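Visitor: Dropping a structure here in C-alpha cells format, bear with me for questions.
Any read-out appearing in this document is the output of simple, stated calculations on the displayed coordinates, not a laboratory observation. Since this is a predicted model, take the numbers as computed values, not measurements. So basically every Cβ, Gly included, is an ideal-geometry build from the backbone, and we count neighbours across all protein chains shown.
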C-alpha cells in the first residue's frame, strides 16, 4: 500500500494486492476449479445420458409399432444373411434399424450423444436413407430375437418387462456369445465403449472385466437398456447380466 500526503493532515492511500495475497486468490480459484469442473463434466454426461435414454425410448416405440403392424412379431436381423464372410452380400436383407425406420423417421435417434465411433455395422447396409455420411448406429438388438425364423412373436415372451431388446452396444446386435464361458454377462452392452475391439468376449472367460471398467461403460459407469414391454432404464455395467448368471435380465430363449 502506498500513501501520499496531498494536504496537511490529509493522506491519500492507493490500495494494492501484495504478492502473497495474489497467490492466495489464485490458489482459491484453482481449488474451486478442481472441485467444480468434474461436477460440470458429470452434469454434461448426465444430460447426454438422458438424451440417449430418450432415443432408446423412441426406438423402442418404433419396435412396438412395427409389431402391431406385423402380427405382433419383431423384425428380423440376420447378420450372415446380409453380410456373410464368404459369399455375396445383400444390402436389402432384413435389419432391425431398417424395419423400424418408417415409424421413427429420424436418423438422429440411432446415435447416442456419448459415442462417436461411427456406423458400427456392415457397410453393405449403408443404403438410403442410411447412406448419409453423418449416420451412425450406436444401439444393439437382441441377436436371438433377430435370428428368429419368420420373426419372434411377442406372445412367446412370458416376461417382456425383463427381456432385453435394445441397448447401448458396441455393435448393432448385442450378440449371442456362443463360445464364451460366461455367456450370462452381456459384455458388449456393459462396456459399450468397446474394450477390446468389437467387444467380443474371450472364449475362456478370462480377462472379462477391463481395467477401470467404469471408463468403458458408456454412461457414468453403466448403459441404457430397452425392454420388450417398451420401458427403458439405465443399469450399472455389473448389472448387465442375465438370470442364468444371477442377474435380472432375460436375453436368451431359455430365459424368456
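Visitor: Please check: in the Gaussian network model of the chain (C-alpha springs, under 10 Å), which one of 103, 70, 208 has the largest mean-square fluctuation.
Guide: The residue that fluctuates most here is 70.
Visitor: Could you calculate, for the range 18-245, the ratio of the Cα radius of gyration to the Kirkwood radius, expressed as Rg to Rh?
Guide: Rounded to two decimals, Rg over Rh is 1.08.
Visitor: Also: How much of the DSSP bridge set in the range 18-245 is antiparallel, in percent, rounded to the nearest 5?
Guide: 95 percent
Visitor: So how far apart, in nm, are the two label points at residue 80 and residue 212 if each is 7 Å from Cα heading toward Cβ?
Guide: Roughly 3.8 nm, to one decimal.
Visitor: Computed FRET efficiency, Cβ-Cβ of residue 131 and residue 34, R0 45 Å: what is it to the nearest 0.05?
Guide: It comes to 0.50.
Visitor: For the chain, what is the mean residue ellipticity at 222 nm derived from helices alone (per DSSP H run of n ≥ 4: -39500 (n - 2.57); sum divided by total residues; nearest 500 deg cm²/dmol)?
Guide: Computed ellipticity for the chain at 222 nm equals -9500 deg cm²/dmol.
Visitor: Let me ask something else. Sequence gap at least 6, Cα distance under 8 Å: using those rules, report the relative contact order of the chain to the nearest whole percent.
Guide: Dividing the mean separation by the residue count of the chain yields 18 percent.
Visitor: Normalised by the number of residues in the range 38-170, what is the relative contact order in percent for Cα pairs under 8 Å and 6+ residues apart?
Guide: The value is 29 percent.
Visitor: Among 163, 67, 18, which one shows the biggest mean-square fluctuation in a GNM of the chain, springs joining Cα atoms closer than 10 Å?
Guide: 18
Visitor: Just want to confirm a number: the relative contact order over the range 103-150, from Cα pairs under 8 angstrom separated by 6+ residues, in percent.
Guide: In percent, rounded to a whole number, it is 46.
Visitor: Still on this structure: Given a 10 angstrom Cα cut-off, can you work out which residue in 59, 23, 154 is the most mobile in a GNM of the chain?
Guide: Sorting by GNM fluctuation, first place goes to 23.
Visitor: Would you mind giving the average projected area, over all directions, of the Cα convex hull of the range 72-187 in nm² with one decimal? It would help to have the intermediate numbers written out before the result.
Guide: Details: hull surface 33.5 nm².
Projected area, direction-averaged: 8.4 nm².
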